[in-house]
Amino acid sequence: MSTEMEQENGTGTDETPARVSQPGREGRGGRLWAQARGAFFALPRGLHVVMLVIFMVLGFALATQVRSQRSDPLEGLSEQDLVTVLDELGTQEQNLRTRRGELASELEELQGAADEADAREQAARKAAQQAQIAAGTIAVHGPGVSLSVVDPGANLTPTQFVMTLGELRNAGAEAIELNGVRLSTRSAFTGQAGGIIVDGTPIASPYTWNVIGESQTIATALEIQAGSAAQMRAKGALVSITPSADIEITSLATPRPPQYATYG
């Protein structure tokens with residue numbers, strides 16, 4: 001009898017012990033669905049209609065968007081239409097190439113004009129600078145020679161100075177200074193032996209010429225036979241020529257306005 005009771009209670013040794021049943025996932029899901037359905041149908045019927053309309057509109061919009069994204073605008077064109085589109089694209093490409101060539105030509109013309117204008121501007125600046133140097137209105141420095149003349153007997157006359165100035169200019173001298181007086185294209189020597197006056201300024205021995213130019217050419221021009229150096233030595237003067245890599249001339253000539261010439 002005890003055996004029968006053990007079998008009835010499920011506590012026998014030959015059988016697996018009984019387990020308490022647990023609610024499964026399907027049971028929980030069913031209860032949640034039932035609760036959601038109950039809550040939905042508990043709402044007023046008018047709200048059901050509104051929600052249905054909203055769902056329908058959202059679905060239609062989503063379907064339209066997907067269809068528009070997937071659709072190819074060329075799918076509905078015929079073969080003739082596609083040929084026409086290709087011809088139009090080819091024409092547009094050719095027009096763009098032509099326009100690009102025109103713009104490139106215009107750019108080259110502008111660059112050429114700019115280079116030409118820049119060259120004219122540089123030439124004008126160089127000419128203006130050369131005119132200022134020749135007029136003696138700006139300070140300069142550069143290679144050249146230093147000509148030292150000592151006249152112990154005061155025998156040199158303005159003629160020797162005019163001759164020396166002419167030889168220096170013919171030799172390519174670009175700037176000349178004599179005893180601190182800047183010589184220009186309008187410089188003049190007056191006075192007499194022992195009393196030389198240059199551009200209104202009296203000067204006396206020793207005479208120092210600072211000359212900027214090609215030193216070898218200038219030195220050769222001064223030392224030619226019967227040249228200015230020889231003429232001054234013949235009058236008892238001591239003449240020495242010293243080339244220099246950099247001679248500085250800071251004296252300036254006072255420009256004089258023209259008396260007769262007018263512009264325009």
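Quick notes on this one:
- Yes/no for V85 being farther than 19 Å from A237 by Cβ, over 40 Å from the mean Cα position of the chain (by Cα) and not small (G, A, S): yes
- Looking only at region 219-228, and only at residues there that are of a type in the set (A, V, I, L, M) and part of a helix (DSSP H, G or I), the one that is nearest to the chain's Cα centre (by Cα): A219
- Check on Q130, closer than 30 Å to I176 by Cβ and in a helix (DSSP H, G or I): yes
- Selection of region 162-210 for residues being outside any helix (DSSP H, G or I), among the hydrophobic types (A, V, I, L, M, F, W, C) and either in contact with a Ser or Thr (Cβ under 6 Å, 6 or more places away or on another chain) or not assigned by TED's automatic domain parsing to the domain that holds V149 (or both) yields A171, V181, A193, I197.
- Qualifying residue in region 115-123 (condition: farther than 28 Å from G227 by Cα and not in a helix (DSSP H, G or I)): no
- Qualifying residue in region 116-127 (condition: outside the structural domain of A234 (by TED's automatic domain parsing), polar (S, T, N, Q) and either farther than 15 Å from T242 by Cα or touching a Gly at 6+ places or on another chain (Cβ under 9 Å) (or both)): yes
- So I197, is it buried (at least 19 other Cβ atoms within 10 Å of the Cβ) and closer than 26 Å to A135 by Cβ: no
Table: residues versus (1) among the hydrophobic types (A, V, I, L, M, F, W, C); (2) exposed (fewer than 15 other Cβ atoms within 10 Å of the Cβ); (3) at negative phi; (4) in a helix (DSSP H, G or I).
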| residue | (1), (2), (3), (4) |
| --- | --- |
| T217 | no, yes, yes, yes |
| A230 | yes, yes, yes, yes |
| S240 | no, yes, yes, no |
| A245 | yes, yes, yes, no |
| P255 | no, yes, yes, no |
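The values are calculated or read from the model by the stated rules, or taken from the named source; none is laboratory data. A quick note: this is a predicted structure, and the numbers were derived from the prediction, not measured. Don't worry about glycine lacking a Cβ; one is built from the backbone with ideal geometry, like all the others, and counts go over all protein chains shown.
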